[in-house]
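Notes follow the structure.
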Amino acid sequence: MVNVLHFLFGVFGNATALFLFLSPTITFKRIIKSKSTEQFSGVPYVMTLLNCLLSAWYGLPFVSKNNILVSTINGTGSVIESIYVLVFILYATRKEKGKILGLLTLVLTIFATVAFVSLFALHGSTRKLFCGLAATVFSIIMYASPLSIIRLVIKTKSVEFMPFFLSLFVFLCGTSWFVYGLLGHDPFVAVPNGFGCGLGTVQLILYFIYRNGKGVDDSDDVKKPTSQSVEMGVGKPQLEKNQVMVNGSHDEQV
């Protein structure tokens, strides 16, 4: 029975995570249409790619047993994030291209180092510990990235920048993988996704507190993001007093 539940929560986690991986397509349709990355940042996509690569590697049978569902969704996520990064580089300014290409090189070097060391220098439980810690650190970083949006919601008393369904899927994704980790007795899956579950809960609570709020009007001490998405950590703030434009999309990692 436990094995069946473990599998079902893994499948559900795959579905919710896929939704979150695909949510930035709204942003990239805009980038392709305008042939410009505007004020968007490519950094979160590169970092999410690293997280997907490390998590997919961790889920492989020779690293950790009974975690193939972790590999399937993060392998898929790696492909999706790679496409995002390539599109971003294609339409970015020369300065931004150099920045993202440099970061991408660093990310691939980190992953290659982790894979090489774990494959040739470590074995058994030591290999699992090493790969699990690497994946956990970057998973927590990915889950923590919407904290700036939470802060903005509290300051403006408005959920304009935090769409309900995306907050809901952050909660569902974190919860399903948290339970999956508990049932599989795997702290490297349970801990970061327990953090994600808690973050999703906070977002939903804030949504119901401020869902009818009209926000703070043209306050000088509140910075509102314009021309940016509310994906996890995405966007460079561009300040403007009289007009606020938000592209509602979101990015998440298991």
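Considering only the stretch 45-70, state which residues are over 21 Å from Phe116 (Cβ atoms) and either aromatic (Phe, Trp, Tyr) or open to solvent by 10 Å² or more (accessible area, probe 1.4 Å) (or both).
Kept after step one, since they are over 21 Å from Phe116 (Cβ atoms), are these residues of the stretch 45-70: 45, 48, 65-66, 68-69.
Scanning the stretch 45-70 gives Tyr45, Lys65, Asn66, Ile68, Leu69.
Which residue, of Ala17, Ala112, is out of contact with any strand residue (DSSP E or B) (no Cβ under 7 Å at 6 or more places or on another chain), hydrophobic (A, V, I, L, M, F, W, C), more than 28 Å from Ser167 (Cβ to Cβ) and not in a loop (DSSP other than H, G, I, E, B)? Explain how you work it out, then say what you get.
Values: Ala17 fails: more than 28 Å from Ser167 (Cβ to Cβ).
None of the other options fit; the residue is Ala112.
For the stretch 63-96, which positions are over 17 Å from the mean Cα position of the chain (by Cα) and touching a residue at least 60 places away in the same chain (Cβ under 8 Å)?
Just the residues of the stretch 63-96 that are over 17 Å from the mean Cα position of the chain (by Cα), to begin with: 63-69, 86-87, 89-96.
Passing the criteria: Val63, Ser64, Asn66, Asn67, Leu69, Tyr91.
Of Leu106, Leu22, Leu122, which residue is surrounded by fewer than 17 Cβ atoms within 10 Å (Cβ to Cβ), within 23 Å of Ser139 (Cβ to Cβ) and touching a Phe, Trp or Tyr at 6+ places or on another chain (Cβ under 6 Å)?
Working: Leu106 fails: touching a Phe, Trp or Tyr at 6+ places or on another chain (Cβ under 6 Å); Leu22 fails: touching a Phe, Trp or Tyr at 6+ places or on another chain (Cβ under 6 Å).
Sole residue among the options that is surrounded by fewer than 17 Cβ atoms within 10 Å (Cβ to Cβ), within 23 Å of Ser139 (Cβ to Cβ) and touching a Phe, Trp or Tyr at 6+ places or on another chain (Cβ under 6 Å): Leu122.
Yes/no per residue for (1) without any contact (Cβ under 8 Å) to a residue 60 or more places away in the chain; (2) charged (D, E, K, R); (3) out of contact with any Lys or Arg (no Cβ under 7 Å at 6 or more places or on another chain):
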| site | (1), (2), (3) |
| --- | --- |
| Val11 | yes, no, yes |
| Thr16 | no, no, yes |
| Lys33 | yes, yes, yes |
| Glu38 | no, yes, yes |
| Val46 | no, no, yes |
| Gly98 | yes, no, yes |
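Being closer than 20 Å to Phe195 by Cβ and crowded, with 21+ Cβ neighbours inside 10 Å is the filter; apply it to the stretch 153-168 and report the residue that is modelled with the highest pLDDT. Outline the logic, then answer.
Let us first name the residues in the stretch 153-168 that are closer than 20 Å to Phe195 by Cβ, namely 153-154, 162, 166-168.
Now narrow it down to the ones that are crowded, with 21+ Cβ neighbours inside 10 Å: 153, 162, 166-167.
Details: Val153: 84, Met162: 75, Leu166: 77, Ser167: 81.
Top of the filtered list is Val153.
What is the one condition in (1) at pLDDT below 90; (2) open to solvent by 10 Å² or more (accessible area, probe 1.4 Å); (3) part of a helix (DSSP H, G or I) that Ser82 does not satisfy?
(1)
The values are calculated or read from the model by the stated rules, or taken from the named source; none is laboratory data. These numbers come from a predicted model, not from an experiment. Backbone-built Cβ (ideal geometry, glycine too); neighbour counts: all protein chains shown. Surface areas here come from the heavy atoms of the whole protein model, side chains and all, with no ligands, DNA or RNA. Shrake-Rupley method; radii C 1.70, N 1.55, O 1.52, S 1.80 Å.
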